[in-house]
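Below is one structure, written out as structure tokens; the observations come after it.
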Amino acid sequence: MNEYMKVANDLAEKNNSTNLGGPFGAVVVKEGKIVGKGSNCVVGSNDPTAHAEIMAIRNACMELNTFDLSGCEIYTSCYPCPMCLSAIIWSNIKKVYYGNTKEDAAEIGFRDDLIYKYIENLSKNTIKNKEIIEMIPIDREETIKVFDKFKSKEDKVIY
């Protein structure tokens, strides 16, 4: 077993006995060194965003004192859910090594598939999508003003 995947899998295994979250673990690696670790702690923290990959990314960002994880890789015990996949992309990690598949996650009761289907149907605006979540645009003429101010801000940081 790959040494980094072993650490991610060990985190998942250890977490499996705590009931703090699901059986998921992840590590962020930069230049051959683990710079972030995370286990799923959704249940223990009452935080639906506390997935292993998110926790590993948060840990790596704190360790490296940056929001930009360019040059890093992530090893995760399972194919990332849509939220984690988005966080990986936002953090500029370009390579993901995963163990279990999203189908394996569905088999043990995780509902990532529902979100993947929602995303697939975004442009179709299907009734089924509206059953999952209704997205209602409101007050753009006011909220856009803040974006316009940001656009002209000279000291802005784009991430």
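Determine if segment 102-111 includes at least one residue that is closer than 16 Å to V29 by Cα, among the small types (G, A, S) and out of contact with any His (no Cβ under 9 Å at 6 or more places or on another chain). There is no residue in segment 102-111 that is closer than 16 Å to V29 by Cα, among the small types (G, A, S) and out of contact with any His (no Cβ under 9 Å at 6 or more places or on another chain).
Taking (1) of a type outside the set (D, E); (2) out of contact with any helix residue (DSSP H, G or I) (no Cβ under 8 Å at 6 or more places or on another chain); (3) within 22 Å of G71 (Cα to Cα) in turn, G38 satisfies each apart from (2). Criterion first (open to solvent by less than 80 Å² (accessible area, probe 1.4 Å) and either farther than 27 Å from K6 by Cβ or in contact (Cβ under 8 Å) with a residue 24 or more places away in the chain (or both)) does I132 satisfy it? Yes; evaluated as a whole, the condition is true for this residue. Would segment 97-108 turn up any residue that is within 29 Å of K130 (Cα to Cα), of a type in the set (K, R) and in contact (Cβ under 8 Å) with a residue 12 or more places away in the chain? Checked against the condition, which is being within 29 Å of K130 (Cα to Cα), of a type in the set (K, R) and in contact (Cβ under 8 Å) with a residue 12 or more places away in the chain, segment 97-108 yields at least one hit.
I'm trying to understand the selection: among the residues of segment 117-129, which are part of a helix (DSSP H, G or I), β-branched (V, I, T) and open to solvent by less than 90 Å² (accessible area, probe 1.4 Å)? The one that is part of a helix (DSSP H, G or I), β-branched (V, I, T) and open to solvent by less than 90 Å² (accessible area, probe 1.4 Å): I119.
The values are calculated or read from the model by the stated rules, or taken from the named source; none is laboratory data. The shown structure was predicted, so the numbers you read here are calculated from the model rather than taken from an experiment. Because the Cβ atoms are built from the backbone with ideal geometry, glycine has one as well, and the counts that use them run over all protein chains shown. Protein only, heavy atoms only, side chains kept; ligands, DNA and RNA dropped before computing areas. Shrake-Rupley method; radii C 1.70, N 1.55, O 1.52, S 1.80 Å.
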